[in-house]
Amino acid sequence: MSAISVRDAEVHFGETAALRRVSVEIPSGTCFGIVGESGSGKTTLMRAILGLQRLDAGEIRIRGERLGAGRAALKARARLVQPIFQDPAASLSPRSRIRTLMNEVGAVLGERREATYERLRTILGRLGLSFGVIDKYPHEISGGQARRVAIARALLMQPSILMADEPTAGLDVSVQGELLNLLQDLRRTEEITLVVISHNLAIVRLIAENAIVMRQGEIVEQGEAGALFDDPQADYTRTLVGSWPRVKA
Ligand SMILES: Nc1ncnc2c1ncn2[C@@H]1O[C@H](COP(=O)(O)OP(=O)(O)O)[C@@H](O)[C@H]1O
Ligand SMILES: [Mg+2]
């Protein structure tokens, strides 16, 4: 069964078609890439999968289940799919310590505080963060740390699917590689389905098995990530490849 199944999804914002008849099957346990230039509909697709963006037409199933109505359904979906948004620092509350953010997860899961912290200690360790980071405020940590904190929070929810929107944006090149390795490791050890969104096909090629290429709300090409990069069929994909230096896998 697919982890995520999108059929003929349509989203319009006034005149703009953010998604046009988008259909994609994302296999369980794989790393899947969503590539396209800015404005191609990547984030809209992610938000629709999370249940945060209503579809004008079509349907999305997560592990075969459609999203029900109401807040309970959204909560249930959050247990299955966790996002790492593009600007993690902005999604952290500036007035709360990171501890508060993590405590919320425990509350959602109905878990004892000690149990949450025990899991958190392990997760933070794997992400190369000390447990003490939970006593920091968002402005006291770096961009790379904020990204890791966002990943830690997402993992704490024990999702079966993790979706990362431009996970390397704004990070130093050295930290970018480290973060991609980390996501790849997590995917293997946690048996998570990982969806990576990027405007950079080279990044997707490094980490994903399969990918779709989006342009103006439509999928213009899909297939094995390496093949898309090495032998692009659509002119648009070719321009995406051409605009980035080649990176050895
Ligand atoms: N909330 C919104 N209101 C109006 N237009 C939007 C909204 N969200 C996205 N769009 C438009 O939809 C298109 C796709 O946007 P988006 O999904 O953010 O693309 P990407 O993530 O690939 O950069 C863009 O033209 C964008 O301006
Ligand atoms: Mg985006």
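Structural remarks
- When region 119-170 is described by a simple charge dipole with +1 on each Lys and Arg Cβ and -1 on each Asp and Glu Cβ, the residue from Ile134, Ile161, Ile123 located farthest towards its positive end is Ile123.
- Peptides 58-68, 38-48, 4-14 ordered by average Cβ neighbours within 10 Å, highest first: 38-48, 4-14, 58-68
- Fully extending the segment from Ala72 to Arg188 would add 38.8 nm, taking 0.36 nm per residue of separation and subtracting the current Cα-Cα distance.
- Choice from Leu109, Leu179, Leu206 with maximal GNM fluctuation in the chain (Cα, 10 Å cutoff): Leu109
- Gain in span if fully extended, Asp8 to Ala227, counting 0.36 nm per residue against the direct Cα distance: 76.4 nm
- 0 to 90° range, to nearest 10: angle between helix 173-189 axis and the chain longest Cα axis: 80 degrees
- Cβ crowding within 10 Å ranks Val173, Val133, Val196 as Val173, Val133, Val196, fewest other Cβ atoms first.
- Inter-centroid distance (Cα atoms) of region 152-178 relative to region 26-40, Å: 14 Å
- Per-pair calculated FRET efficiency, R0 = 35 Å: Glu104 and Glu37 via Cβ, rounded to 0.05: 0.50
- For the chain, a Kirkwood hydrodynamic radius built from all Cα pairs, placed in the Stokes-Einstein relation at 25 °C and 0.890 mPa s, yields a translational diffusion coefficient of 132 µm²/s.
- Where Rh is the Kirkwood radius over Cα pairs, Rg/Rh for region 10-132: 1.01
Read the figures in this text as sums done on the coordinates, not as results from a lab. Nothing here was measured: the structure is a model prediction, and the numbers come from that model. Note that each Cβ is placed from the backbone with ideal geometry, even for glycine, and that neighbours are counted across all protein chains shown.
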